[in-house]
Amino acid sequence: MAQGHNINSEKAFIAGRWTDDIRDALLQYQPSRMELSGDWSDLSMFAGAVDSIQGLKISGSLERGEIKALGGIEVFSSLRRLSLVSKVKSGLHPLPLPLLESLDAKWQKGLMDTIDQLPRLRTLVIGGYAGESLSALPNKSTIEYLWLSNPAIASMNGIAAFSALNELRVTDAKKLTSLSGIEATRIKKLDIEGARQLIDLLPIGSAQTLEWIRLLFISEQANTAQLYELQNLRSLHIGGKGVPLIDWFAAMLMPRIEAVFGWWDPSLISEEAIRSAVRPGRCITKFEHLSQAKVRPLDIALADVG
């Protein structure tokens, strides 16, 4: 592992081993963010030099793809954001970080107990979640933003345990077939990308708090009719190759819609027909198609008249 450091008033990058020069630079510049690369299994050596650090990223050993341990992490007493790029070889244990608001980690032994004992946690990012539903996650009522990357979930069952959840992002969910469970939430923002088996969107019709939806690379057979029943939706984006066409007529009739992006086939519905479908008191402020192909991406913005 190459050794060295680069420390300024914003960020500290440190690789290799601890030196007095590193301590002096940390005390001089007092950066708010830090990234550690290599073996830093004993973090207690940073005591007294990292009171300014609010965001910490630990990459661990790139050669072995692991973090040995997180001993002494409590010396980062001001820490609010923690990102663990690799799994912790010794297993995760409850983190004595009472101010921590954001955690980004791989699914691993001890993660559930770790999450459960962080009183201020608001943002949670989990890579490789292994459960078929979300019921395996702890009942965490403080989480407002949840991102599941490459999860094994088949549905959204169990998501209701996150009673404060405002935004849900799911990427590369290869086994996700249904949004069952989403109807029990009060989320405002839903972002799903890379769920080619996702067909069942029926539960989304009951999630009336939704204001923003992006669906990228879902199944071409997905029934999107429920999307147009959402009375508070402001933004709808359905994109990627081989995804359902937008029902432009239905989208223009949505009472609060402000932005719609998706595939458009002018042979099925003309520009004039789309413009004529807009509700009284509203108007299209942008009508931009991004190519001249038979079926092309269309970007529409709408606003209230006056």
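The values are calculated or read from the model by the stated rules, or taken from the named source; none is laboratory data. These numbers were taken from a predicted model, which means no experiment stands behind them. As a convention, Cβ positions derive from the backbone with ideal geometry for all residues, glycine included, and neighbour counts pool all protein chains shown. All accessible areas refer to the heavy atoms of the entire protein, side chains included, with ligands and DNA or RNA removed. Shrake-Rupley method; radii C 1.70, N 1.55, O 1.52, S 1.80 Å.
For this structure, a couple of remarks:
The rows are residues; the columns are (1) closer than 21 Å to residue 246 by Cβ; (2) in contact with a Phe, Trp or Tyr (Cβ under 6 Å, 6 or more places away or on another chain); (3) open to solvent by 10 Å² or more (accessible area, probe 1.4 Å); (4) free of Cβ contacts under 8 Å to residues at least 12 places away in the same chain.
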{"position": "172", "(1), (2), (3), (4)": "no, no, yes, no"}
{"position": "179", "(1), (2), (3), (4)": "yes, no, no, no"}
{"position": "189", "(1), (2), (3), (4)": "yes, yes, yes, no"}
{"position": "207", "(1), (2), (3), (4)": "yes, no, no, no"}
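- Residue 91 being under 27 Å from residue 112 (Cα atoms) and modelled with pLDDT under 95: yes
- Evaluation of residue 141 against (1) open to solvent by 10 Å² or more (accessible area, probe 1.4 Å); (2) under 23 Å from residue 218 (Cβ atoms) (one fails), failing number: (2)
- Search result, residues across segment 22-44 that are open to solvent by 10 Å² or more (accessible area, probe 1.4 Å), more than 26 Å from residue 121 (Cα to Cα) and either under 25 Å from the mean Cα position of the chain (by Cα) or at pLDDT 95 or above (or both): 23, 24, 25, 27, 28, 29
- In this structure, residue 302 does not qualify as in contact with a Phe, Trp or Tyr (Cβ under 8 Å, 6 or more places away or on another chain), modelled with pLDDT of 95 or more and surrounded by 15 or more Cβ atoms within 10 Å (Cβ to Cβ).
- Here residue 255 meets each of (1) in contact with a Leu (Cβ under 7 Å, 6 or more places away or on another chain); (2) open to solvent by less than 50 Å² (accessible area, probe 1.4 Å) with one exception, condition (1).
- Cβ separations smaller than 9 Å between residues 6+ apart or across chains give the following pairs from segment 23-34 residues that are at negative phi to residues that are among the acidic types (Asp, Glu) and surrounded by fewer than 16 Cβ atoms within 10 Å (Cβ to Cβ): 29/10; 31/10; 32/10; 33/10.
- Residue list for segment 144-162, restricted to those being in a loop (DSSP other than H, G, I, E, B) and either among the small types (Gly, Ala, Ser) or surrounded by 21 or more Cβ atoms within 10 Å (Cβ to Cβ) (or both): 151, 152, 153, 154, 155, 156, 158, 162
- Note on segment 105-126: residues that are part of a strand (DSSP E or B) and in contact with a Phe, Trp or Tyr (Cβ under 8 Å, 6 or more places away or on another chain) total 4.
- Figure legend. Inter-residue proximity from segment 94-112: first residues under 17 Å from residue 137 (Cβ atoms) and open to solvent by less than 50 Å² (accessible area, probe 1.4 Å), second residues of a type in the set (Lys, Arg) and not in a loop (DSSP other than H, G, I, E, B), beta-carbon distance below 6 Å, spacing 6+ or different chains. Indicated pairs: 102/81; 108/87.
- In the set 276, 219, 291, 270, only one residue is open to solvent by less than 30 Å² (accessible area, probe 1.4 Å), among the hydroxyl-bearing types (Ser, Thr, Tyr) and without any contact (Cβ under 8 Å) to a residue 60 or more places away in the chain; that residue is 219.
- Hits in segment 127-162 (condition: within 18 Å of residue 211 (Cβ to Cβ) and hydroxyl-bearing (Ser, Thr, Tyr)): 145
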